[in-house]
Amino acid sequence: MREFFQQTIIKNILRYALFGFLALLLQNMLLTQTKIFGVYPMILPAAVVAVGMFEGPAFGAIFGLIIGIFADMAFVENTILFTVLFSAIGFFSAFMADFYINKRFVAFLVMALIAGLITAAFQMIKCMLSDEFSLSMLKTMLVQTAVSVPFSALAFPLPDGWNK
């Protein structure tokens with residue numbers, strides 16, 4: 001029994017390592033080259049939400065931490081923003097899935113939308129602290145979130161299928 005449990009844990013770790021690698025590859029190789037309405041879509045918050053929803057708070061936070069570290073390395077303008085933010089998103093999306101929402105596609109898209117808004121808002125706050133406030137920042141935040149939602153749907157099938 002113990003051996004089966006260890007094999008299951010190792011299998012899940014390898015699956016989500018591959019999932020994280022694919023999400024980072026998609027974000028860094030494709031989406032950073034795809035400008036839509038003047039903004040770049042982000043799939044990483046949705047990937048963290050997907051893992052958090054299906055694997056629980058601890059695994060969601062750890063996955064968010066690891067993805068956040070790699071995202072901060074890829075986006076050089078951030079120091080530790082994504083590391084802290086994605087850890088919190090992973091934890092709270094799992095918390096919401098455990099107690100308040102179901103683990104269906106529509107609920108996932110709503111959570112991914114909220115995670116995208118939070119991510120864009122924190123990026124905006126960082127810009128506001130270094131520059132002056134502009135209403136165009138709010139427009140950019142909303143457009144980035146809206147453009148990211150269709151790409152967020154790509155993050156749902158793998159974690160959902162692994163848990164069946």
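Read-outs throughout are calculated quantities, based only on the coordinates presented, and are distinct from any laboratory measurement. In this text the structure is predicted, and so the values were computed from the model without any measurement. As a convention, Cβ positions derive from the backbone with ideal geometry for all residues, glycine included, and neighbour counts pool all protein chains shown.
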Practice task
Please identify every one of the chymotrypsin sites (Phe, Trp or Tyr not before Pro) in the stretch 67-143 that sits in a loop by DSSP and has no more than 15 other beta carbons within 10 Å of its own beta carbon.
Solution key: 100, 133
Exercise for the section: Tabulate in residue order the Karplus-calculated ³J(HN,Hα) for the stretch 137-149, using 6.51 cos²θ - 1.76 cosθ + 1.60 with θ = phi - 60°, rounded to whole Hz; enter x for Gly and Pro. Expected result: 5, 5, 5, 4, 4, 5, 5, 4, 5, 5, 6, 7, 4
Problem - Residue-by-residue Karplus 3J(HN,Hα) for the stretch 8-19, coefficients 6.51, -1.76, 1.60, Hz, glycine and proline x - result: 5, 5, 4, 4, 5, 4, 5, 4, 6, 5, 5, 4
Exercise for the section: Note down the nm distance, to one decimal, between modelled labels 7 Å out along Cα→Cβ at residue 138 and at residue 103. Expected result: 3.8 nm
Handout entry: Lysine pairs in the chain with Cα atoms under 26 Å, if 8 or more residues apart or on separate chains
Key = 6
Problem - residue 21 versus residue 37: modelled label distance in nm, points set 7 Å from Cα along the beta carbon direction - result: 3.5 nm
Problem - Residue-wise HN-Hα coupling along the stretch 64-72, computed from phi with Karplus coefficients 6.51, -1.76, 1.60 (Hz; x: Gly, Pro) - result: x, 5, 5, 5, x, 4, 5, 5, 5
Exercise for the section: Can you pull a Stokes-Einstein diffusion coefficient for the stretch 17-164 at 20 °C (1.002 mPa s), Rh from Kirkwood over Cα pairs, as a whole number of µm²/s? Expected result: 142 µm²/s
